[in-house]
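Everything below concerns the one structure shown next.
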Amino acid sequence: MKKKGLYQLKKSDNKIKEYTLSVLTEDKAGLLNHITIIFNRRKMNINSLNVSTTEVKGVSRFTIVVESSKEKIIKIVNHINKLIDVLAAFLYEEDEIYYQEIALYKLSTKIFLKGDLVEKIIIRKYGAKILKIEKDHIIIQKTGTKVGTQKLYDELKKFGEILEFARSGRVALSKKKRKTINFIKKLEKTKSNKLNI
Amino acid sequence: MKKILGSEALIKSLLEEGVDTIFGYPGGAIMPIYDSLYSYQDKINHILTRHEQGAIHAAQGYSRVSGKVGVCFATSGPGATNLITGIADAQIDSTPLVCITGQVPSQLLGTDAFQESDVIGISMPVTKWNYQITSSDEIGEIISKAFYIARSGRPGPVLIDITKDAQFSEVDFNYKKCERIRSYHPYPIINDKKIKKASKLINKAKKPLILVGQGVLLSNAENELIKFSEITGIPLASTLLGLSAVSCDHKNYVGYLGMHGNYGPNVKTNEADLIIAIGMRFDDRVTGDTSKYAVNAKIIHIEIDPSEIDKIIKTDVAINADAKEALIGLNKIVQKNSHEEWINEFRECDKLEFDKIINKEINGFYDKLSMAEVIHKISEFTQGKSIIVTDVGQHQMVASRYYKFTEPNSNITSGGLGTMGFALPAAMGSKIGNPNREVIAVIGDGGIQMTIQELATISQYSIGVKILILNNNFLGMVRQWQELFFDNRYSFTEMKNPNFNKITDGYRIKNKKLEKREDLDKVIKEFIEFDGPYLLNVIVEKEENVFPMVPSGESVSNIRLE
Ligand SMILES: Cc1ncc(C[n+]2csc(CCOP(=O)(O)OP(=O)(O)O)c2C)c(N)n1
Ligand SMILES: [Mg+2]
């Protein structure tokens, strides 16, 4: 059973890479604190963090992005797995997941005076959309990777000042064909709750 | 069904878990619970300590000698924060505890109410689990979960904070013992392939060495371990917390590991071709410089907590399992073998250590009594059968080196955290947890002053512990480092101590001062044979050093004999 499983280290595990942790937990107050303490203690920065409900009632998902060596992050994953209210923590490299972030850009409406350029760039080139147009400002929305939303940011900046900008944490799903509810049912049935001698 | 108060539901829950002893200290936010406890004094023995730190260390001692979950009570705010050192100690030394703290009423949470402290936040990194109960309906379920979590898998401390309104409101009480938690799997399912792989390494090893950790004691695997060692002929060395899991007079026992451990097991770690680590976590006090540790050895690590595997030392075969279960598996398939020559190499080391160190220590080489001489005498007199509870410092290392344990669960010490002030309260908990055995607290003149108030508890309840102060008028261990590594600059380590005997008189506890070598035998006999608490203040050599020593951060091969 993978649950709270053991990731074992290889010699080549000290290269710094981007890792995504996907942590399924019971929906309990205080867990966020508990999880971030573990990063803090080992002096590891969290690049992005997202907490949301899942399709299973009472189960939350934390998606955490870090830059780390495998060696270091595995120790953190093992520690997170140890928390009583954590159902399972999974560690992924970039090619093992589907992931997206969302960015919102607030610009002055005047930017439209620059003609269809904006539309061309926003809509066609970047696949973004206009969320709202008000008298004095507009909101543009784009989902994608951090690189993509940053590119749009840089491009828009050329047309005028960006009034406000916000980017969400990453959300990610693994490429494996897994059903959360089945996984949890398996956890409920495993015999590792008792000593078998 | 008749409704009862939450506070009574708590007491009934504890009874359902078989609790018969609580160490605690009352205050405003836990008063309803104390009021309910008043009606249950025939079933629960509550010990009023003189400080919450005393209560929790007592609960730790109680748990470690009895294998039961230790329970302590404290009020909110300062009561709760006074528990924190003990909780951190229990966490790092894997001691099962359930700590109950009172909390301000739920509507006052977060308002800086009188004696409010965020004990859930504060204790989060040092508990195995914690939870705040704000409604009386939760009490039964949460307490049963608390005990299940504290005692299962790798044990640890759990803190339950209960708001005053939850204690005061009524509830229909029914109790169901927690048997599983879907997000918590304390007993990894053993992987037979790993057992096979390990046995292959074991069968072909020429110089194997077993490292015995506290995990062996926690899983009651002492017999399986001895069997394993006797089948395979592999020598056994012990960590500080593993001491007493194997009788020191066992033919395969080769001594104590680590910074002030024995010469043999330390140097031989780097000659061994296989290390079988059982229920231990490669603490830096054991490994020294990890890059120069076990350099010729393959590593088998038997460990119940997966996060310990590969944390410090990379394994060749990791067996993530309860120690007893793994040993039962191994014992079925390992080949009969013997390693007499290899064990004889350890005996050669022992001779060297005896000639260079032990002989002088125990045979009156110094003007004043030496710590080792006193412990050696006590060890002989009690035939290694006592429970030894040590504080932190030179006396702790000396007791660990010179007391020759012959029975399990007999070495109670603060290992991972190294908490001065641990021994006096832990000894009183140990005596209550196992009243039929002799309990001897070995404490420095520094450490005793950290929790000396517990003499009052010992006196009030006539707890028959023996208290040995090894009095060198120094924070000796720090002084030793100053001498060896800081150019003899004794920065704030010398103490002008009070008259410990007069203080003990004040607490109405029998006591004596021992200074002269010729009185040693007689006084030790009196000390041990006395029925009741007894404090013995032994004036020892002031500037003695504990050797051997692996200097901090160096390889175990660089262990110094002088
Ligand atoms: C609470 C706490 N504070 C400080 C220390 C650091 N420390 C470790 S050993 C020691 C000296 C202990 O002196 P004493 O109790 O007299 O024992 P001795 O070493 O002299 O036997 C000190 C200060 C500690 N371990 N715990
Ligand atoms: Mg001292």
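As an exercise: evaluate residue A:92 against (1) at pLDDT 95 or above; (2) touching a His at 6+ places or on another chain (Cβ under 7 Å) and give the number of the one condition it does not meet.
(2)
Only one residue in B:300, B:313 is part of a strand (DSSP E or B) and within 14 Å of another protein chain (Cβ to nearest Cβ). Which one?
Details: B:313 fails: part of a strand (DSSP E or B).
Of the residues listed, the single one that is part of a strand (DSSP E or B) and within 14 Å of another protein chain (Cβ to nearest Cβ) is B:300.
Tally the residues that are within 22 Å of residue A:192 (Cβ to Cβ) and either away from chain A (no Cβ under 14 Å) or not charged (D, E, K, R) (or both), restricting the search to region B:158-186. Reasoning before the result, please.
So the first thing to find is which residues in region B:158-186 are within 22 Å of residue A:192 (Cβ to Cβ), and the list is B:158, B:176-186.
When the remaining residues are screened for being either away from chain A (no Cβ under 14 Å) or not charged (D, E, K, R) (or both), the result is B:158, B:176, B:178, B:181, B:183-186.
So the count comes out to 8.
Pull up region B:432-477, narrow it to residues that are over 20 Å from residue B:500 (Cα atoms) and without any contact (Cβ under 8 Å) to a residue 40 or more places away in the chain, then point me to the one that is nearest to ligand 2 (Cβ to nearest atom).
B:435
Any chance you could count how many residues in region B:451-468 are away from ligand 1 (no atom under 15 Å from the Cβ) and of a type in the set (A, V, I, L, M)?
5
Which one of B:471, B:537, B:501, B:545 is surrounded by fewer than 22 Cβ atoms within 10 Å (Cβ to Cβ) and within 15 Å of ligand 1 (Cβ to nearest atom)?
After ruling out the rest, the residue left standing is B:545.
Considering B:503, B:539, B:528, which residue is of a type in the set (A, V, I, L, M) and free of Cβ contacts under 8 Å to residues at least 60 places away in the same chain? Talk me through it step by step, then tell me what you get.
Values: B:539 fails: free of Cβ contacts under 8 Å to residues at least 60 places away in the same chain; B:528 fails: free of Cβ contacts under 8 Å to residues at least 60 places away in the same chain.
Going through B:503, B:539, B:528 in turn, the sole match is B:503.
If you take the residues of region B:381-423 that are more than 23 Å from residue B:92 (Cα to Cα) and not in a loop (DSSP other than H, G, I, E, B), which of them is nearest to ligand 2 (Cβ to nearest atom)?
The selected residue is B:402.
Do any residues in region B:258-287 that are surrounded by 24 or more Cβ atoms within 10 Å (Cβ to Cβ) have Cβ atoms under 6 Å from those of residues that are among the basic types (Lys, Arg) and assigned to a loop (DSSP other than H, G, I, E, B), where the two are at least six apart or on different chains, and which pairs are they?
Pairs that qualify, where the first residue is surrounded by 24 or more Cβ atoms within 10 Å (Cβ to Cβ) and the partner is among the basic types (Lys, Arg) and assigned to a loop (DSSP other than H, G, I, E, B), are B:272/B:207.
Evaluate the following for residue B:107: is it surrounded by 17 or more Cβ atoms within 10 Å (Cβ to Cβ), at pLDDT 95 or above and polar (S, T, N, Q)? If you could, list the steps in order and put the result at the bottom.
Values: surrounded by 17 or more Cβ atoms within 10 Å (Cβ to Cβ): no; at pLDDT 95 or above: yes; polar (S, T, N, Q): yes.
So residue B:107 does not fit the description; no.
Looking only at residues that are closer than 18 Å to residue B:245 by Cβ and surrounded by fewer than 24 Cβ atoms within 10 Å (Cβ to Cβ) in region B:384-399, which one is farthest from ligand 1 (Cβ to nearest atom)?
Residue satisfying both the conditions and the ranking: B:385.
Anything in region B:112-140 that is charged (D, E, K, R), assigned to a helix (DSSP H, G or I) and away from chain A (no Cβ under 14 Å)? List them, or say none.
Start the filter on region B:112-140 by keeping residues that are charged (D, E, K, R), which leaves B:112, B:116, B:118, B:128, B:137-138.
Keeping just the survivors that are assigned to a helix (DSSP H, G or I) gives B:137-138.
Passing the criteria: only B:137.
If I ask for residues that are more than 10 Å from ligand 1 (Cβ to nearest atom) and either more than 18 Å from residue B:374 (Cα to Cα) or assigned by TED's automatic domain parsing to the domain that holds residue B:23 (or both), which ones from region B:436-450 would you list? Write out each step before concluding.
So in region B:436-450, the residues more than 10 Å from ligand 1 (Cβ to nearest atom) come out as B:436-441.
Scanning region B:436-450 gives B:436, B:437.
If you check every pair at least six apart or on different chains, which have Cβ atoms under 6 Å apart with a residue in region B:326-350 that is more than 24 Å from residue B:303 (Cβ to Cβ) first and a residue that is surrounded by fewer than 17 Cβ atoms within 10 Å (Cβ to Cβ) and among the aromatic types (Phe, Trp, Tyr) second?
From residues that are more than 24 Å from residue B:303 (Cβ to Cβ), there are no pairs.
Test of understanding: among B:426, B:372, which residue is more than 14 Å from ligand 2 (Cβ to nearest atom), part of a helix (DSSP H, G or I), hydrophobic (A, V, I, L, M, F, W, C) and farther than 30 Å from residue B:83 by Cβ?
Sole residue among the options that is more than 14 Å from ligand 2 (Cβ to nearest atom), part of a helix (DSSP H, G or I), hydrophobic (A, V, I, L, M, F, W, C) and farther than 30 Å from residue B:83 by Cβ: B:372.
Residue by residue through region B:266-292, note down the ones that are closer than 17 Å to residue B:398 by Cα and either of a type outside the set (Lys, Arg) or assigned to a strand (DSSP E or B) (or both). Don't jump to the end; show me each part of the working.
Applying the first criterion (closer than 17 Å to residue B:398 by Cα) to region B:266-292 yields B:266, B:285-286.
Residues satisfying the conditions are B:266, B:286.
Restricting to region B:36-80, give me the number of residues that are surrounded by fewer than 17 Cβ atoms within 10 Å (Cβ to Cβ), out of contact with any strand residue (DSSP E or B) (no Cβ under 7 Å at 6 or more places or on another chain) and polar (S, T, N, Q).
3
The values are calculated or read from the model by the stated rules, or taken from the named source; none is laboratory data. All figures in this text were calculated on a predicted structure; none of them were measured in a lab. Here the Cβ is made from the backbone with ideal geometry for all residues, glycine too, and neighbour counts use every protein chain on show.
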